[in-house]
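Any read-out appearing in this document is the output of simple, stated calculations on the displayed coordinates, not a laboratory observation. The shown structure was predicted, so the numbers you read here are calculated from the model rather than taken from an experiment. Please note: Cβ atoms are built from the backbone with ideal geometry, for glycine as well, and neighbour counts cover all protein chains shown.
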C-alpha cells in the first residue's frame, strides 16, 4: 500500500523487465490502409503477387511485331519488305495473326499479336503505306517482355516488415491492390501532472510554467511509430491522476504520465498503482530519470516519467521507445540514429549510476551541453545524448563516443 | 507548334535549368501549424523566446529555502536549527519573507520566497513540527534556478529551417506557443496517362496493366516534403491530357504527368505545352528517362515523366526532388540517403548517356539488379541507384560506389 520498498533497478535489469512486460501485455496488431496513403507504413505480412507481370506478352518498344525469321539477313543495304496488316496501341490488342511476310505496327506496352515472336524497333524500319522495310535483323523474343517474366502469380513480392517507400508502393500498385495490412500503431495516452503547469496560450502567472511534456512525449511516441494522444494536464492529486488514467485506459493501450516533482507525483502515481494496479519498477539507477515508475493496471502498461522534460525524454527514448518500435513492426534501435563523434571536452559522470549526457554535434565533434538539469535550452542546443556506463567516472576529451540522435529527418 | 527541335540536355545543364526555373517560378511559402502536430515540420523563421525561463526564481530540489549565511558551519554533529514559517508547493508561492533564523519548506519547481538565497536539500535536513535541523552548510544560490538563467526573453531560441523533433517541440512548448509558422509543402498534382492503365481494383482486361505511377510519384513527392495529390488516370489524348492539366493547375503549384509510351504521351504533352504553354526541356541525356519533358503553363511548372515506373521514379529523384525539398525548407540532398558500398559485379553503362542503375544492398555490397527496364520487381528488390557518368563505360567488381537510397526510415 505505497510503503513497500522496491529496490532500484540497474539499466539492464530495467530494460529486460520492460521488454518482457511489453511482450506479455501486447502483441503487434494490424490494420488496413489504402496503398495511396501508405508512405512509411510497415507491412504486417508477406505480400504475394496476385497476377502475372506483365499480365500478357508486352512490347518493350515502338516498332513492328513480326516473325523474326522474316528479318534474318535484313540490312540497310538489303532490307526485307513486310506487309503491315494492322496497328496495335498500348491498352488494346489486334485480332489478326501475323503470318510469314507480314507485320503489325505496335506501340510500347501493347500486346504482342498472335504469330509474332519479335519486335523490330521503329528506328530500324521504314514504313510507306502498308509496306514496311526492315533494315536490321532481330532475333526471336527481341524486345518482348513475356507474360509473367517480371513476376509470376503467387510468388513472394514483398516481405513482412518492409517499410513502404515510394518504390515499394509502386510494386503493390502494379498488382492492383487497393488496401494492405500494416502494423497498427499502439495508442498511447500522454498525461502531464503538476499544479504548476499551464497549457499553451494560458496567461502566465507567478509560480507557473508552461507544460512541455505533453507535446514532447506525444511527438516522441509518433517518432517511434506509436499513436500519441495528448490528454492534457491534471493536478497533482490522487483523485485527478487516478481518474485521468482510468479515462485514458478506456481508449489506449498504454498510458504515459509525467510529473511535476519527483516526490509529489511519484508518490501520487505510486499510490494509484498500489490501489488499482501494480508497481513493477520504482526507481532506475540512471541520471537523469531515477524516479521513473513502471506499473500496470488491467493488464495495460502505465509509465511514470520524471517531470523534468530532459529526464522525461531521455527515459522515454532509452526504456520505452524500443518497445513501441517493436510493437509498430520496426527495429528496436534505428541504426541511422546512432553516430560516432569525438568528445570535445572531458565529460564527468555521477558515480554509481548510468548517465545520459546531452551533446551537440559540430563537424564530427560531440560537444557536451553543461546546464542545469532542468534547462529547456539544453534541448534547443542538443542533437542527442551520450551514454556513460555506471563504472566509468569520466570520458576524456578526444575519445570517440556514440551519440544517440534526437532527429533523423 | 510541336515541330521545333529541342537539343537533348546533358544532366548538369538540365539540373541547372530546373533549379533556375524553380527559383523563378516559386518561392518558399509559410503556413501555421499547432505545435502539437508539428513533428518533422520545418521552421519558417527564427523563433525568439517570448518569456524568461525559468519565469521566476525556481527551486531545483525538495528542501528548505533559507538564508545561506544561517547554514554556514552546519554539520551533522553541529546542526543549525531554523524555524519553519511556511510551506510552498510547485505552482504556488509564499507571501512570507524569510528572515534570519527562519526557513520555508519548498518543493522542486516552487518559487523561491523573498529573503531566501539558497535551498538546503531535504536529505540534509531534519524537520520536527516547525523546527528544522540543517545538517550541512549550503552556499548562496545553491539549487536555485534564477529567473531567465535558462533563457532570457527575446533571445534566439530556434533557427529558421530547424526540423521539429520532439525535443525542439518541447522547447517551443516551454514558451507557451500554440502555433508556429512552418514551410508550406508545395501542392503537386500527379496525373497518369495511358489507354492501357487500370486503376486499383479495376477488373484485369487483356492488354491492360495497373497504374503504378500515381501512387509511386505521389508518395515520392511526400518523401521530399511536398504535398502530392493523386489526380488519377487520363487517356492518352490531347483533349484529356490538356483538360486534366488545366483542372490540376487551378489548385496546384506544379503538375507532374507520366505517360504510357515515350512516343505517344511525350507527343501529346509536347503539343499541349506548345499550344497553351512552353516547352523548356524535351529530352535529357540519361538512361533511363531520356524522353523527359519540362515545360510551363501560366508560370507553373509542368513535368512529363516517362511511363516506365523505374524511369519515372529515378527522373523524379534526380531532377525534381531536390527542388521540391528546397521549396519545403529542406536541404536539396539528404546526406543520410547516400551510402558507400562495394560493387558486387561489373556494371556496364550505355555509351554517351548518364546512367542510373538499380542496386540492392547486402552487407556493404551493392548488387546490380539486371532486369528488363520495365520490370516492377526490380523496384521490389532495389534499395537505391548508382550513377554512372557519361564518360564511364563500366564500373568493375570491387569498386566503391555511392548508392542513393530510396528509403531512410
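Taking 0.36 nm per intervening residue step and subtracting the Cα-Cα distance, what contour gain separates residue A:201 from residue A:23 on full extension? If you can, show how the numbers build up before the last one.
Values: separation 178, 0.36 × 178 = 64.08 nm, distance 3.99 nm.
My answer for the length gained is 60.1 nm.
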For chain B, the fraction of alpha-carbon pairs in successive 20 Å shells from zero, as % = 22, 36, 19, 18, 5, 0
Axis-nearest residue of A (beta carbon) for the A-onto-B rotation, whole Å = A:336, 3
Check: C-alpha center the stretch A:279-349 vs C-alpha center the stretch B:346-409, spacing in Å is 39 Å
Between residue B:351 and the same site in the other copies, what are the distances in nm, shortest first, taking label points 7 Å from Cα along the C-beta direction?
-> 7.7
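Which percent, to the nearest 5, of DSSP beta bridges fully inside chain A are antiparallel?
65 percent
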Compute the label-point distances linking residue A:237 to its equivalents in the other copies; points lie 7 Å from Cα along Cα→Cβ; give nm, one decimal, shortest first.
-> 7.2
For chain A, find the longest principal axis of its Cα atoms and tell me its angle to the long axis of helix A:213-223, 0 to 90°, nearest 10.
-> 30 degrees
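Can you put B:381, A:16 in order of Cβ neighbours within 10 angstrom, beginning with the fewest?
Ascending number of Cβ neighbours within 10 Å: A:16, B:381.
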Take every DSSP beta bridge whose two residues both sit in the stretch A:319-409, then give the antiparallel share in percent to the nearest 5.
-> 90 percent
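Report the extension gain between residue A:348 and residue A:75 in nm, rounded to one decimal, defined as 0.36 nm multiplied by the number of residues separating them, less their alpha carbon distance. List each step's numbers first, then the result.
Working: separation 273, 0.36 × 273 = 98.28 nm, distance 8.08 nm.
Stretched out fully, the residue A:348 to residue A:75 stretch lengthens by 90.2 nm.
For peptide B:197-208, compute the average count of partner chain beta-carbon atoms within 10 Å of each residue's beta-carbon. Don't skip to the end; give the middle numbers.
Numbers: counts 3, 3, 3, 10, 4, 2, 1, 6, 5, 5, 13, 9.
Neighbouring Cβ atoms belonging to other protein chains average 5 per residue here.
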Counting only DSSP beta bridges with both residues in the protein assembly as shown, what percent are antiparallel, rounded to the nearest 5?
-> 65 percent
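Rank the residues B:134, B:369 as a footprinting-exposure proxy: fewest other Cβ atoms within 10 Å of their Cβ go first. Each step should come with its number before you reach the end.
Values: B:134 22, B:369 19.
Ranked by crowding around the Cβ, least crowded first: B:369, B:134.
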In peptide B:89-100, what is the residue-averaged number of other protein chain Cβ atoms found within 10 Å of each Cβ?
-> 4
Which distances, in nm and shortest first, link the residue A:10 label point to the same label point in every other copy, taking 7 Å along Cα→Cβ?
-> 6.4
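Can you tell me which of A:65-74, B:51-60 comes out highest on packing, and rank the rest after it, using the mean Cβ neighbours within 10 Å? List each step's numbers first, then the result.
Working: A:65-74: 19.3, B:51-60: 21.7.
Result, highest mean Cβ count within 10 Å first: B:51-60, A:65-74.
From Cα pairs below 8 angstrom and at least 6 apart in sequence, can you work out the relative contact order of chain B, rounded to a whole percent? The partial results should precede the final answer.
Values: 946 pairs, mean separation 64.3, N = 409.
Reported relative contact order: 16 percent.
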How many angstrom lie between the C-alpha centres of the stretch A:1-74 and the stretch B:55-128?
-> 58 Å
R0 of 45 Å, Cβ-Cβ distance residue B:32-residue A:159: FRET efficiency to nearest 0.05 = 0.65
Any idea what angle helix B:238-251 forms with the longest principal axis of chain B, computed on alpha-carbon atoms, 0 to 90 degrees, nearest 10?
-> 20 degrees
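How much mean residue ellipticity at 222 nm does chain A get from its helices, if each DSSP H run of length 4 or more adds -39500 (n - 2.57) and you divide by all residues, to the nearest 500 deg cm²/dmol?
Working: 8 runs with 82 residues, N = 409.
So the helix-based figure for chain A works out to -6000 deg cm²/dmol.
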Helix axis angle, B:11-25 relative to chain B longest principal axis, alpha carbon, degrees | 60 degrees
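Given the Cα-Cα distance of residue B:123 and residue B:246 and 0.36 nm per residue of separation, how much length would full extension add, in nm? It would help to have the intermediate numbers written out before the result.
Values: separation 123, 0.36 × 123 = 44.28 nm, distance 7.37 nm.
Separation in residues times 0.36 nm, less the Cα-Cα distance, equals 36.9 nm.
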Within the set A:98, A:212, A:310, GNM on chain A using Cα springs under 10 Å gives the largest fluctuation to A:98
Take A:272, A:138 and order them by how many other Cβ atoms sit within 10 Å, fewest up front.
-> A:138, A:272
Note: B:367-377 gets an average of partner chain Cβ contacts (10 Å, Cβ to Cβ) equal to 5
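Can you give me the relative contact order of the stretch A:335-405 as a percent, contacts being Cα pairs under 8 Å and 6 or more apart? Could you put the intermediate results ahead of the total?
On the way: 150 pairs, mean separation 33.7, N = 71.
Across the stretch A:335-405, relative contact order equals 47 percent.
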GNM result for chain A, Cα springs below 10 Å: residue of A:395, A:256, A:302 fluctuating most strongly | A:395
The stretch B:169-219, relative contact order [Cα under 8 Å, separation at least 6], % | 29 percent
